[in-house]
Amino acid sequence: MMASNSILNGTPNLSVRSAKQQDMKAVFQMIKELAEWEKMSHKLRLDEEQLTKDFINKAFHSLVVEAEDRSLVGYAIYNIDYSTWEGKSLILVDLFIKEKYRGKKIGEQLFISVMKAGDAQGCQKAYFHVLSWNPAIKFYKRLGCTDGSPYLVYRLEHDNFKKLVNTSKL
């Protein structure tokens, strides 16, 4: 569990903390905002109820950025994975800051907080995906991140996933 960072980048009215069950409603709203921003709202199958169940069942970890009025202005969702070459790895699933709070290094502080949480859990490295047109690529490179070359990312999307598991004779 991450302790609250009460002063975020010199901004005393923002803090980064571990998410709580009651945060999932606001986190889900930001997930919808992220899907819209990524122009992928049509792919969002998750609902708030399932997100909350998955949080309760520890399917993922989450940090949030909280304003002084207790509203949430950002979130990160991550998992711990395993590398057969290096051991534990952090998989950053989402990192999102509401538009009016961008450009103030809040995302950087949240990113670093997630990496520190992974380090505390014994992670040796981190993975995440970035859309090819996302301006945050410059930000990630500035922090020392590199693209995954020569590795490619493959996906088995929902329909093909279900088709595979439902038609397999195993």
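With every protein chain present, what is the per residue accessible area of the range 32-74 (1.4 Å probe, Å²)?
66
Once the piece of chain linking K116 and K53 is laid out straight, how much longer is it, given 0.36 nm per residue of separation minus the C-alpha distance between them?
Extra length from K116 to K53 when fully extended: 20.1 nm.
For Q121, what charge total do you get from the other residues with a beta carbon under 13 Å from its beta carbon, if Lys and Arg give +1 and Asp and Glu give -1?
Once positives and negatives cancel, what remains is +2.
How long are the semi-axes of the equivalent ellipsoid of the range 22-170, defined as square roots of 5 times the Cα gyration tensor eigenvalues? Whole Å, largest first.
Calculated on Cα positions only, the semi-axes equal 25, 21, 17 Å.
Ignoring any ligand, DNA or RNA, what whole percent of the accessible area of the chain comes from carbon and sulfur when the probe is 1.4 angstrom?
52
Loop only by DSSP, 16 or fewer other Cβ within 10 Å of the Cβ. Give me the trypsin sites (Lys or Arg not before Pro) in the range 130-162 that pass, ordered by residue number.
Listed in order of number, the matching sites are R155.
Just add up the charged neighbours of E157: K/R +1, D/E -1, any other residue whose Cβ is under 13 Å from the Cβ of E157.
Once positives and negatives cancel, what remains is +4.
Please list, by residue number, every one of the GluC sites (Glu not before Pro) in the range 87-161 that is coil in DSSP and has at most 11 other beta-carbon atoms within 10 Å.
Sparse-neighbourhood loop GluC sites (Glu not before Pro): E157.
Counting other Cβ atoms within 10 Å of each Cβ, which trypsin sites (Lys or Arg not before Pro) in the range 34-72 have at most 15 and sit in a DSSP loop?
Of the trypsin sites (Lys or Arg not before Pro), the ones in loops of the range 34-72 whose Cβ has at most 15 other Cβ atoms within 10 Å are K39, R45, K58, R70.
Figure the gain on full extension for I80 and K100 (residue separation times 0.36 nm, minus the Cα-Cα span) and round it to one decimal in nm.
Additional length available on full extension: 4.2 nm.
Where does the chain land at 222 nm, in deg cm²/dmol rounded to the nearest 500, when only DSSP H runs of n ≥ 4 count, each adding -39500 (n - 2.57), divided by all residues? The partial results should precede the final answer.
Working: 5 runs with 55 residues, N = 170.
When only DSSP H runs of four or more count, the value is -10000 deg cm²/dmol.
Can you flag which of K98/K138; K32/K116; K25/K53 are past 21 Å Cα-Cα?
Checking Cα-Cα distances, K32/K116 exceed 21 Å.
Among rounded, prolate and oblate, which fits the range 93-134 when a ≥ b ≥ c are the square roots of the eigenvalues of its C-alpha gyration tensor, a/c under 1.5 means rounded, and a/b larger than b/c means prolate?
Details: a/c = 3.14, a/b = 1.50, b/c = 2.09.
Oblate.
Could you give the length gained by full extension between R155 and E36, i.e. 0.36 nm per residue of separation minus their alpha carbon distance, to one decimal place?
The span from R155 to E36 would gain 40.8 nm if fully extended.
Each residue of the range 107-122 in order: what ³J(HN,Hα) in whole Hz does its phi give by Karplus 6.51 cos²θ - 1.76 cosθ + 1.60, θ = phi - 60°, with x for Gly and Pro?
x, 5, 5, 5, 4, 5, 4, 5, 4, 5, 5, x, 4, 5, 9, x
What does the accessible area of I31 come to, in Å² to the nearest 10, when a probe of 1.4 Å is used?
Surface open to solvent at I31 totals about 20 Å².
The values are calculated or read from the model by the stated rules, or taken from the named source; none is laboratory data. Given the structure is predicted, the values throughout are model-derived calculations rather than measurements. We place every Cβ from the backbone using ideal geometry, glycine too, and count neighbours over all the protein chains shown. Surface areas here come from the heavy atoms of the whole protein model, side chains and all, with no ligands, DNA or RNA. Shrake-Rupley method; radii C 1.70, N 1.55, O 1.52, S 1.80 Å.
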